[in-house]
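Beneath this line is the structure, given in structure tokens, with notes to follow.
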């Protein structure tokens, strides 16, 4: 391991199935280049395709991979987990977590509330060399508030039963433009949001060209955020309709 165990860099990104929202072209190869440049230890991905429809025609090394998450992880993130949510005729998509640290366990909890929005909570535990067990949850919540409220209650239930003490990161696309989620989860499970902690406001991440809505979040417990960043610039602007977020945490002394 040649990375700093005293800090932890987290990236969360809704990749829109690897298809540019603006040009409608497959750009997973560009996404791979740019997420590698972030040097993230943990990558939380939403709307990523699993086995069955890689969609990288013309990219010569693509034929050695079975899924988008394996293609993105490649030799950088040696451990990964995928939660399949939506299934269709020629493939599927869901959430994925790529990790530099070994994965101890993972499962995907179905939190779908209707046939049009298939959603899940991808719960992964990794073994960090300093923290020990680190719990990770990647999610993508409903568009409508009623569905999100139910899904957050499922998240609270999951954390209350499974993750009582150990450090925790919950990241993804919350679709929470009304900014009500934090009120719902802070008191029962003591989760804080990293951008709000540092800046006093959530990250504006959607739509990517002119982001005004705070859809994407990184919540945490048992860690201390030291810096946050919305990835901007021309190189990121064509990759998705969402902006990618980075949070750097300091790992508490044991």
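The values are calculated or read from the model by the stated rules, or taken from the named source; none is laboratory data. Everything numeric here is computed off the predicted structure, so don't read it as measured data. Glycine also receives a Cβ, built like all others from the backbone with ideal geometry; neighbour counts cover every protein chain displayed.
Which of (1) within 21 Å of residue 135 (Cα to Cα); (2) surrounded by 14 or more Cβ atoms within 10 Å (Cβ to Cβ); (3) free of Cβ contacts under 8 Å to residues at least 40 places away in the same chain does residue 229 not meet, given it meets every other one?
Residue 229 satisfies all of (1) within 21 Å of residue 135 (Cα to Cα); (2) surrounded by 14 or more Cβ atoms within 10 Å (Cβ to Cβ); (3) free of Cβ contacts under 8 Å to residues at least 40 places away in the same chain except (1).
In the list 202, 219, which residue meets the criterion of being modelled with pLDDT of 95 or more and assigned to a strand (DSSP E or B)?
None of the other options fit; the residue is 219.
Residue-wise test of (1) assigned to a strand (DSSP E or B); (2) on the phi > 0 side of the Ramachandran plot; (3) surrounded by 22 or more Cβ atoms within 10 Å (Cβ to Cβ); (4) in contact with a helix residue (DSSP H, G or I) (Cβ under 8 Å, 6 or more places away or on another chain).
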{"site": "98", "(1), (2), (3), (4)": "yes, no, yes, yes"}
{"site": "122", "(1), (2), (3), (4)": "yes, no, yes, no"}
{"site": "137", "(1), (2), (3), (4)": "yes, no, yes, yes"}
{"site": "143", "(1), (2), (3), (4)": "no, no, no, no"}
{"site": "151", "(1), (2), (3), (4)": "no, no, yes, no"}
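Looking at residue 127, is it closer than 20 Å to residue 175 by Cβ, part of a strand (DSSP E or B) and modelled with pLDDT of 95 or more?
no
Within region 172-181, does at least one residue satisfy the condition of being surrounded by 14 or more Cβ atoms within 10 Å (Cβ to Cβ), in a helix (DSSP H, G or I) and in contact (Cβ under 8 Å) with a residue 24 or more places away in the chain?
Yes; the residues of region 172-181 include at least one that is surrounded by 14 or more Cβ atoms within 10 Å (Cβ to Cβ), in a helix (DSSP H, G or I) and in contact (Cβ under 8 Å) with a residue 24 or more places away in the chain.
Give region 209-226 a look and list any residue that's surrounded by fewer than 21 Cβ atoms within 10 Å (Cβ to Cβ) and closer than 23 Å to residue 24 by Cα, or say none.
Answer for region 209-226, where residues must be surrounded by fewer than 21 Cβ atoms within 10 Å (Cβ to Cβ) and closer than 23 Å to residue 24 by Cα: 209, 210, 211, 212, 213.
Of everything in region 101-120, what is part of a loop (DSSP other than H, G, I, E, B) and in contact with a strand residue (DSSP E or B) (Cβ under 9 Å, 6 or more places away or on another chain)? Give them in sequence order. Please lay out each step first, then the result.
Our first condition is that a residue be part of a loop (DSSP other than H, G, I, E, B); within region 101-120, this holds for 101-102, 111-119.
Result: 101, 102, 111, 112, 117, 118, 119.
Would a scan of region 59-66 turn up a residue that is at pLDDT 90 or above and in contact with a helix residue (DSSP H, G or I) (Cβ under 7 Å, 6 or more places away or on another chain)?
No, there is no match, as no residue in region 59-66 is at pLDDT 90 or above and in contact with a helix residue (DSSP H, G or I) (Cβ under 7 Å, 6 or more places away or on another chain).
Scanning for something in contact with a helix residue (DSSP H, G or I) (Cβ under 6 Å, 6 or more places away or on another chain), surrounded by fewer than 22 Cβ atoms within 10 Å (Cβ to Cβ) and modelled with pLDDT under 95, does region 79-94 turn up at least one residue?
No: region 79-94 contains no residue that is in contact with a helix residue (DSSP H, G or I) (Cβ under 6 Å, 6 or more places away or on another chain), surrounded by fewer than 22 Cβ atoms within 10 Å (Cβ to Cβ) and modelled with pLDDT under 95.
Would you please name the residue that is farthest from the chain's Cα centre (by Cα), looking only at residues in region 31-57 that are modelled with pLDDT under 90 and outside any strand (DSSP E or B)?
Quick first cut of region 31-57, residues modelled with pLDDT under 90 only: 49-57.
Now restrict to residues that are outside any strand (DSSP E or B): 50-57.
Values: 50: 15, 51: 19, 52: 21, 53: 20, 54: 19, 55: 21, 56: 22, 57: 26 Å.
It comes out as 57.
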